[in-house]
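A short reminder: the numbers here are calculations on the coordinates, not readings from a lab. A quick note: this is a predicted structure, and the numbers were derived from the prediction, not measured. Cβ coordinates were reconstructed from backbone atoms using ideal geometry, including for glycine residues, and neighbour counts include every protein chain displayed.
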Amino acid sequence: MSKAKISYNDKLLSGFINKDELENYNQSIASAEKMLSGRSGPGNDFLGWLDLPRTISPSVVDSIASKASEIKEKADILICVGIGGSYLGARAAIEFLSSSFEDMRKPRVVFAGHSINSDYIADLLDMVKDRSVAVNMISKSGTTTEPGVAFRVIRQFMEKRYGKKEAASRIIATTDPAKGALRKLAREEGYTTFEIPSDVGGRFSVLTPVGLFPIAVSGIDIRNLLTGASESMDFCSGDNYENNLSAHYAAVRNILFRKGFTTEVMAAFQPQLHFVSEWWKQLAGESEGKCGTGIFPAALDYTTDLHSLGQWMQEGIRNVFETFVLLKKTNRTVEVPKFDDDSDELNYLASRSFEEINLNAYKGTLLAHVDGGVPSATISLEDRSEKTLGQLFYFFEKAIAISGYMLRVNPFDQPGVEAYKKNMFALLGKGGFEKLREQLLSRTGSMQL
Ligand code: PA5
């Protein structure tokens, strides 16, 4: 059995959940596990992520690592174009494992196509104009509007700057093995391509080339990331909450949800975890929020947000539970210096590390929130290493899959995402949406900007 570098502590939940309630969930855990391993539940054609850390072909990993080395040599900046599951995993890993300041990262990975904004794209092109650039266009469907239009602008910039042939050698497309407009374009232009397995959905794709390539370019060891995820498979399976960490967390969430705690706040105590929370928000929200049910996933960064939303967390409406994420060991240690004059009266903290102070902020917050009626538990991470993050990614993926089955939804589809897209296409005049366009225009006519 591999050593877990993550743990889940729910001791302070005893006032909200009793042991019998958890024991009673073992039946649901066993049934969710059976549906997953037997591939018999809803969305069973999207379970490629389940064994991926152990089944990913070494030759795929080698080709990602080797292309990443080539790009690292050649480029100062990699622009990653993608949205949702084609963006958040790579960003989460890079922010968690790299320097806190982008200027210190070499090569630098920057992101585009995750919003629709002229200033952002124009600023990006200004920023890269004197640097050597490579581009990774990531889209499973190959037809998503936000990355699609961003890539048009970036491709035009690359072709103008490098010429068509050299530009093509600097563009890497990550997409479906056979289908979609991006696959067709990549074939025509001769881009290097990576395949997104057809049985892995966007938000479960961080350990496919979607995440692995940009992560590798940023200098992170993707083999260790995969090893971590594979280790997680040991302690995130089994039909009992006592030996299945993902199921333990999933059961707690569902018990609390049924008691009226309908929002989960992921409260991270390190700034480097911000995008891990963003990634988790998408994983949980898109997997569970459907059929009129689902835990609403929210995220806060502590202690920053204790000075903005701390009041709400302490005394606001009591429909929220909290999952703290705590890092046990930072890469470096900074201590508070001693000053003889002690004018700021902080000498009582002299020689103490920022982590010691942060740990006490965490303990104080946890106890205060529990006393304020917020059910709270903690996920602890051993360190800021690839293996720990790999374990965490897999832990959450498995937990949300189990939790979705407990909520009796299909955790692997996202039918609701289409509603805004259809309206946007109709309003923009895309062919095939003429009737909807008329209906919408009759309603938006009076909308003023
Ligand atoms: O999880 C999902 O399926 C979505 O968030 C997608 O990743 C997102 O919509 C981007 O889709 P695509 O990769 O097809 O451009």
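What does a probe at E335 reach in segment 348-373, counting residues whose amide N is under 14 Å from the point 7 Å along Cα→Cβ? What the label zone holds, given the 14 Å backbone N cut-off, is 348-357.
Round to the nearest 10 and give me the degree value, 0 to 90, for the angle of helix 386-406's Cα axis relative to the longest principal axis of the chain. Its long axis makes an angle of about 80 degrees.
Note on segment 349-420 and segment 161-177: Cα centroid distance 37 Å, given to the nearest whole angstrom.
The phi-based Karplus calculation (6.51 cos²θ - 1.76 cosθ + 1.60; θ = phi - 60°) puts the 3J(HN,Hα) values of segment 247-254 at 5, 4, 5, 4, 5, 4, 4, 6 Hz, whole numbers, x for Gly and Pro. Residue ranges 179-189, 207-217, 113-123, 280-290 sort as 207-217, 280-290, 179-189, 113-123 when ordered by packing (mean number of other C-beta atoms within 10 Å per residue, highest first).
Each residue of segment 37-45 was assigned a 3J(HN,Hα) from its phi angle through the Karplus expression (A = 6.51, B = -1.76, C = 1.60, θ = phi - 60°), giving 5, x, 6, 10, x, x, x, 5, 8 Hz with x at Gly and Pro. If a spin label sat at a point 7 angstrom from the Cα of S132 along the line to its beta carbon, the backbone N atoms of segment 88-120 nearer than 17 Å would be those of 105-110. Its alpha carbons give the chain an Rg and a Dmax of 23.2, 76 Å. Bridgeable lysines around K184 (alpha carbons under 25 Å apart, same-chain partners fewer than 8 residues away excluded): K67, K140, K160, K164, K165, K421, K422, K430. In terms of packing, defined here as the mean over residues of other Cβ atoms within 10 angstrom, the peptides 427-433, 381-387 line up highest first as 381-387, 427-433.
Around the amide H of M266, modelled in the peptide plane, lie the amide H atoms of A298, A299, L300, T323, all under 5 Å away and 5 or more residues distant in sequence or on another chain.
A straight chain from L12 to S66 at 0.36 nm per residue would run longer than the Cα-Cα distance by 14.7 nm.
Computed from Cα positions, the angle between helix 222-235 and the longest principal axis of the chain comes to roughly 40 degrees. Label sites at K184 and E356, each approximated as a point 7 angstrom past Cα along Cα to Cβ, lie 6.4 nm apart. Across segment 52-225, C-alpha contacts under 8 Å between residues 6 or more apart give a mean separation that, scaled by the residue count, equals a relative contact order of 31 percent. If the segment from K74 to S40 were pulled out straight at 0.36 nm per residue, it would be longer than the present Cα-Cα gap by 7.6 nm.
Computed from label points 7 Å out along Cα-Cβ, the spacing between L440 and S99 is 4.4 nm. Between K165 and E242, the contour length at 0.36 nm per residue exceeds the Cα-Cα span by 22.0 nm. For segment 187-192, backbone phi angles converted through the Karplus equation (6.51, -1.76, 1.60; θ = phi - 60°) give residue-by-residue couplings of 4, 5, 8, x, 5, 5 Hz, Gly and Pro being listed as x.
Does segment 52-225 classify as rounded, prolate or oblate by the C-alpha gyration tensor (a ≥ b ≥ c root eigenvalues; a/c under 1.5 gives rounded; else a/b over b/c gives prolate, otherwise oblate)? Rounded is the answer for segment 52-225, as its axis ratio a/c remains below 1.5. Here K363 is the anchor, and the lysines within straight C-alpha reach of less than 22 Å, apart from those fewer than 8 places off in the same chain, are K5, K11, K328, K329.
A helix-only calculation puts the chain at -14500 deg cm²/dmol for mean residue ellipticity at 222 nm, using -39500 (n - 2.57) for each DSSP H run of at least four residues, averaged over all residues. Taking label positions 7 Å along the Cα-Cβ direction at both K328 and T145, the computed distance is 4.7 nm, reported to one decimal.
The overall shape of segment 276-406, judged from the alpha-carbon gyration tensor, is oblate: a/c is not under 1.5, and a/b is no greater than b/c. Summing Cβ point charges (Lys, Arg +1; Asp, Glu -1) relative to the Cα centre of the chain gives a dipole of roughly 1740 debye.
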